[in-house]
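Student: Here you go, one structure.
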Amino acid sequence: MPEEEPIVYDTQSQLPEKVVSEGSMLWNKTGSWRYIKPRYMNKVPPCNQGCPAGNDIENFIQQIGLGDPAAAWRILKEENPFPKVCGRVCYHPCESVCNRDEFDRAIAIHALERFAAEHAPPDERPAKLRPDSSKRVAIVGSGPAGLTAAYHLARMGHSVTVFEAKEKPGGLMRYGIPGYRLPQDVLEAEIDDIRSLGVKMKCKQVVGRDVAWDEMKAFSAVFLSIGVHKNRLLGFASEGARGVRSGLEFLDSVARGDVPALGEKTVIVGGGNAAIDAARCALRLGSEVSIYYHRSRKEMPAFEEEVYEAEREGVAIHFLAQPVDIITEDNRAVGFQFRKALLGEQDPSGRRTPVPIPGTEFDVSADTIITAIGETSDLAWLPPDLQTEQGRIVIDQFGLTNHPGVFAGGDTALTTHNVAYAIGSGKAAACAIDSSLNDKPIENFQDRIIVGGKGAVSVSRYLETGKAHAANDSSGQVVAFSELNLNYFEPQARRKTQKLSIAERMTGFEEVNGGLSDQHARLEADRCFHCGVCTLCDNCYVFCPDVAVTKNSQMPEGYEIVYDYCKGCGICVYECPRSAMIMEDE
């Protein structure tokens with residue numbers, strides 16, 4: 001039988017007007033071949049899990065990428081009353097777990113948070129989410145934990161009164177973080193948002209002195225966020241000599257504008273954030289500054305970026321120098337004696353213990369000595385039956401103490417002391433207080449409101465106001481870098497923020513770090529992988545060989561899988577850039 005000649009068309013016009021067969025294959029429901037099937041499932045981006053304040057980071061970055069920073073600000077304010085503050089002073093642990101860091105560099109999340117906060121609509125304030133209740137809540141202390149709890153409880157409809165010992169609210173955000181990092185007007189603007197919700201702030205009111213503890217019984221619940229305002233002592237007899245200051249006292253004086261005379265040389269003992277902040281302040285006041293720390297740089301608890309900036313500005317940091325005694329003349333400090341040390345075994349905190357080297361003592365001259373070896377709380381005025389341990393109030397993960405109706409948070413209850421953790425603890429307590437006042441145990445909400453596996457709480461989930469995908473990541477699965485399809489991403493440079501020059505910094509306390517421009521913020525937001533979250537990229541729709549994926553705006557994901565025709569090949573899951581789909585057994 002002769003071989004048939006192939007049919008060849010030389011031009012498009014020679015093609016038939018329609019296909020020869022007009023039959024439908026819809027009768028062939030190939031889904032019956034399937035033993036596994038794809039399903040949309042948004043997961044937890046590692047940045048969201050890594051944020052102690054519980055911000056919906058992926059969501060707010062997505063809004064900046066879409067050109068709507070005001071929407072990004074609203075998303076942030078759902079969880080955090082202080083995005084302007086956190087965009088400046090947070091140590092951004094979210095960036096250290098960003099999957100993008102394994103590809104090129106982590107997203108500049110803290111800079112994007114500041115950008116969103118600085119693009120808040122000028123006349124818009126956060127609104128109450130519930131009508132007024134008859135419940136009254138007392139907040140003792142107005143640091144980040146106390147004001148965060150006040151903010152959320154007021155939005156939940158409760159009447160909130162804040163008692164603050166100092167002249168103005170803000171705690172260590174106002175009196176412990178210098179203006180070159182956090183300008184006072186930035187802090188004041190976000191505190192005004194809290195006041196606008198009807199929160200009463202009673203300053204110069206010390207509970208236990210001006211206000212008796214028994215007066216707290218008039219409130220439905222009490223939240224203790226009294227902070228750590230007592231400097232730890234070195235224990236030397238000469239510590240009370242003239243010229244010796246505590247780190248917190250010094251920073252408090254600078255914040256108030258009561259500028260102390262330091263002399264030519266200032267020696268600072270310590271390695272935490274208070275030591276670094278004190279050093280950079282002393283530089284701006286014209287003193288030559290040296291820090292002495294008894295461990296190595298690796299063990300230094302201060303934020304790495306702040307240490308780097310301090311050294312750039314001229315602070316000399318000496319490691320493995322153990323304090324021996326303060327040198328005095330006529331009860332005035334004139335120097336400090338140190339001893340060299342080696343690092344030994346790890347202590348309970350996981351850091352190696354400094355071991356002194358005999359015979360290695362050395363003296364350093366100084367006009368001023370600032371001690372910043374840690375801070376503690378004053379707990380002596382609290383009810384004796386309130387459980388405390390190692391200088392902290394004992395709480396559960398939602399801030400509940402052993403005293404009925406009394407909750408606590410912030411530095412006075414946490415082992416980690418920074419603004420982000422304090423905000424997170426204030427949020428957790430606000431949810432627990434509200435659920436308690438409504439006779440609903442917080443444990444009933446636990447599975448819904450915990451973000452990932454590190455304990456951060458989402459208020460929008462508690463109130464069920466979060467975006468649709470927030471309720472759809474119930475697996476709690478955090479997306480790993482290996483789960484992303486990197487074929488859809490290209491390396492891009494991380495956008496940098498502007499900084500004042502070293503010479504400009506030394507003229508005063510003007511803010512050192514600048515923000516991102518509109519263009520750079522958009523470009524930086526576009527670098528985000530949006531790990532585990534569907535962004536409607538259409539890959540599943542385009543690549544499905546069975547046309548079993550259809551667009552459906554009524555579905556939370558925006559797509560629908562028609563399982564009658566899905567053979568379970570998994571191409572849609574494989575081609576999803578963000579791992580927002582899974583394959584599961586039938």
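The values are calculated or read from the model by the stated rules, or taken from the named source; none is laboratory data. Worth saying up front: this structure is predicted, and the values here are computed from it rather than measured. Quick reminder, even Gly has a Cβ in these numbers, built from the backbone with ideal geometry, and neighbours come from all protein chains shown. Only protein heavy atoms, including side chains, enter the accessible area calculation; ligands, DNA and RNA are left aside. Shrake-Rupley method; radii C 1.70, N 1.55, O 1.52, S 1.80 Å.
Student: Based solely on its DSSP helices, what 222 nm [θ] is calculated for the chain when runs of n ≥ 4 H residues each add -39,500 (n - 2.57) and the sum is averaged over all residues, nearest 500 deg cm²/dmol?
Tutor: -7000 deg cm²/dmol
Student: How high is the relative contact order of the chain, given as a whole-number percent (alpha carbon pairs under 8 Å, six or more residues apart)?
Tutor: About 22 percent, as a whole number.
Student: Could you tell me the ratio Rg/Rh of segment 378-497? Both radii from Cα atoms, Rh via Kirkwood.
Tutor: Computed over Cα atoms, the ratio is 1.10.
Student: Too long at a 23 Å Cα-Cα cut-off: which of LYS135/LYS217; LYS43/LYS551; LYS84/LYS265; LYS77/LYS427?
Tutor: LYS84/LYS265
Student: Rank-order 146-152, 218-224, 547-553, 312-318 by packing density, defined as the average count of other C-beta atoms within 10 Å over each peptide's residues, highest first.
Tutor: Going from most to least packed, we get 146-152, 218-224, 312-318, 547-553.
Student: In addition: Amide H to amide H, which residues 5 or more places from THR360 or on other chains are under 5 Å from it, using H placed in the peptide plane?
Tutor: Distant-sequence amide H within range of THR360: LYS340.
Student: When the label point is put 7 Å from the Cα of ARG136 along its Cα-to-beta-carbon vector, which residues of segment 155-170 have a backbone N closer than 12 Å?
Tutor: 159-162
Student: Could I ask something else about it? If I require 20 Å or longer along the helix axis, counting alpha carbons, and a Kyte-Doolittle average no lower than 0.0, what helices from the chain are left? Use full DSSP H segments.
Tutor: In the chain, the long hydrophobic H runs are 419-437.
Student: Let me ask you something else. Past the 19 angstrom mark, what percentage of all C-alpha to C-alpha distances in segment 495-586 do you count?
Tutor: Looking at segment 495-586, the distances longer than 19 Å represent 58 percent of pairs.
Student: Computed FRET efficiency, Cβ-Cβ of VAL324 and GLN554, R0 60 Å: what is it to the nearest 0.05?
Tutor: E(calc), rounded to 0.05, equals 0.25.
Student: On to the next question. In nm, give the distance between the simple-model label positions of ARG351 and TYR35, each being 7 Å from the Cα along the Cα-to-Cβ direction.
Tutor: Placing both labels 7 Å along Cα→Cβ, they lie 5.6 nm apart.
Student: If you count, for each residue, the other Cβ atoms within 10 Å and average over each peptide, how do 358-367, 115-124, 168-177 line up from highest to lowest?
Tutor: Result, highest mean first: 168-177, 115-124, 358-367.
Student: Based on the mean of other Cβ atoms within 10 Å per residue, sort peptides 572-580, 232-240 so the most packed one is first.
Tutor: My ranking of the peptides, most packed first, is 572-580, 232-240.
Student: Then there is this: Using only the alpha carbons of segment 161-210, determine the length spanned along each of the three principal axes and report them from longest to shortest in whole angstroms.
Tutor: Cα extents, longest axis first: 34, 24, 10 Å.
Student: Beyond 20 Å, what share of the Cα-Cα pairs of segment 273-334 remains, rounded to the nearest whole percent?
Tutor: Summing the P(r) tail past 20 Å for segment 273-334 gives 32 percent.
Student: Please give the contour-minus-distance gain from ASN28 to GLN519: 0.36 nm per residue of separation, less the Cα-Cα distance, rounded to one decimal in nm.
Tutor: Roughly 171.7 nm would be gained on extension.
Student: HN-Hα J couplings of segment 381-392 from phi, Karplus 6.51/-1.76/1.60, θ = phi - 60°, integer Hz, Gly and Pro as x?
Tutor: For segment 381-392, the Karplus curve yields 7, 6, x, x, 8, 6, 6, 10, 7, 6, x, 10 Hz.
Student: Can you give me the distance in nm between label points at GLU5 and ARG256, each placed 7 Å from the Cα along the Cα-to-Cβ direction?
Tutor: The answer from the label model is 10.4 nm.
Student: Moving on to the next point. Using r as the Cβ-Cβ distance of PHE489 and HIS403, and R0 as 60 Å, what FRET efficiency do you calculate, to the nearest 0.05?
Tutor: 0.70
Student: So which chymotrypsin sites (Phe, Trp or Tyr not before Pro) in segment 485-556 pass both tests, a DSSP loop state and at most 10 other Cβ atoms within 10 Å of the Cβ?
Tutor: Qualifying residues, ordered by number: none.
Student: On the protein heavy atoms, probe 1.4 angstrom, tell me the percent of accessible surface of the chain carried by carbon and sulfur.
Tutor: Within the chain, the accessible surface is 50 percent carbon and sulfur.
Student: Here's a follow-up. How much FRET efficiency would the formula 1/(1 + (r/R0)^6) give for ALA127 and ASP101, where r is the Cβ-Cβ distance and R0 is 25 Å, rounded to 0.05?
Tutor: 0.10
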